[in-house]
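J.: Provided herewith is a single structure, encoded as structure tokens, for subsequent inquiry.
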Amino acid sequence: MTSQTITAAASGTWKLGELTVNRLGFGAMRLTQHGEAFEADAVPRDRDQAIGVLRRAVELGVNHIDTAAFYFSSLRCANELINRALAPYPDDLVITTKVGPGRDPAGRWLPHATPAQLRGQVEENLRRLGRDHLDVVNLRIVGTASVAERFGALAELREAGLIRHLGLSNVRPHHLAEAQSIAPVVCVQNMYGIGASPEQKESLGICGEQRIAFVPFYSIAGTGRTAGATTDHSEQVHAIARAHGVSTAQIRLAWTLHQGSHVLAIPGTGDLDHLAQNVAVGSLRLSDEELASLDPDHHETA
């Protein structure tokens, strides 16, 4: 694969509401520091390097960036880096952010925002990104409790023009149904990768049936989660990577994109070479046999 010549357009497109994005996007979580995300003693990433990665991502056709106000380290804030690197923003760039969780200035996690506090989180994202509205805001959930009150608060901000579209993160099917009774949902962002559980696959399928974007996180990291790419790759992943002359991470990412035309990938990195490798995955096609060996219950991409 000649990753230098491949752009995100090779991955195909999907719509978040009326906003068309390439299916291969970019996650901003790793822009702020090296090592494990959200660790207080992690080494801040070089500012110019992070800005360079963001600008190169857009040059490579990435027009969907996933971020959050709680993506920050002692010296770096993902939203401010995005603002510095990309403002004035390209007309086709879609920035998706998350609200619900919060961190204090020292980096300690706070209780999830109340409905009244969500407006402050939305305004913080607006301020640091330098926007007058947010393209997509995902309400991130913990647990199984009702989302109605908090999602309703975001729906009011949507009606007020501060938010264009709403989504959900880390949710179960009943959360989606509950939210849809309040306002349209354009995307669901859940953990998903090779070896996904039946419940995770159920959410993927429901979104496909309803033409809602499904946006996996940790699709490369797997069990490594915030620590980064796992070394727990099966022999099948290694064998297919060797056959294609690519990395195991690229195979995992390609498998994710093959789960349906409604699946959007948001791999994150602070490294230019890894960025090019991630974007190049949009042109990597896996055979039915390869998909079956990675997961017998795979979904064929459109």
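J.: How far apart, in nanometres, would the label points at Arg285 and Gln49 be if each is projected 7 angstrom from Cα along the Cα-to-Cβ direction?
T.: 3.7 nm
J.: Another question about this same structure. When a/c reaches 1.5 or more, the comparison of a/b and b/c decides; with that in mind, is segment 2-155 rounded, prolate or oblate per its Cα gyration tensor?
T.: Numbers: a/c = 1.89, a/b = 1.24, b/c = 1.52.
Verdict is oblate for segment 2-155.
J.: Can you tell me which of Ile182, Ile240, Ile65 moves the most in a GNM of the chain? Springs connect C-alpha atoms under 10 Å apart.
T.: Ile182
J.: Let me ask something additional. Could you check what % of the DSSP bridge pairs in segment 60-188 are antiparallel, to the nearest 5?
T.: Taking every DSSP beta bridge with both residues in segment 60-188, the antiparallel ones total about 15 percent.
J.: Kindly work out what percent of the DSSP beta bridges joining two residues of segment 21-294 are antiparallel, to the nearest 5. Please list the in-between numbers first.
T.: Working: 4 of 31 bridges.
Of all bridge pairs located within segment 21-294, approximately 15 percent are antiparallel.
J.: Still on this model: How would you classify segment 98-147 from its alpha-carbon gyration tensor, with a ≥ b ≥ c the square roots of the eigenvalues: rounded for a/c under 1.5, else prolate if a/b is greater than b/c, otherwise oblate? It would help to have the intermediate numbers written out before the result.
T.: Numbers: a/c = 2.21, a/b = 1.29, b/c = 1.72.
It comes out oblate by the Cα gyration axes.
J.: Could you order the peptides 141-151, 277-287, 9-19 from most to least packed, using the average number of other C-beta atoms within 10 Å per residue? Spell out each step's value before the answer.
T.: Details: 141-151: 15.3, 277-287: 20.9, 9-19: 17.3.
Highest to lowest by the protection proxy: 277-287, 9-19, 141-151.
J.: Could you check the simple spin-label distance between Leu272 and Arg127, using points 7 Å along Cα→Cβ, in nm with one decimal?
T.: A separation of 3.4 nm, rounded to one decimal place.
Readers should treat all values here as calculations from the given coordinates under stated rules, not as data from a laboratory. These numbers come from a predicted model, not from an experiment. Positions of Cβ are generated from backbone atoms using ideal geometry, with glycine treated the same way; all protein chains shown enter the neighbour counts.
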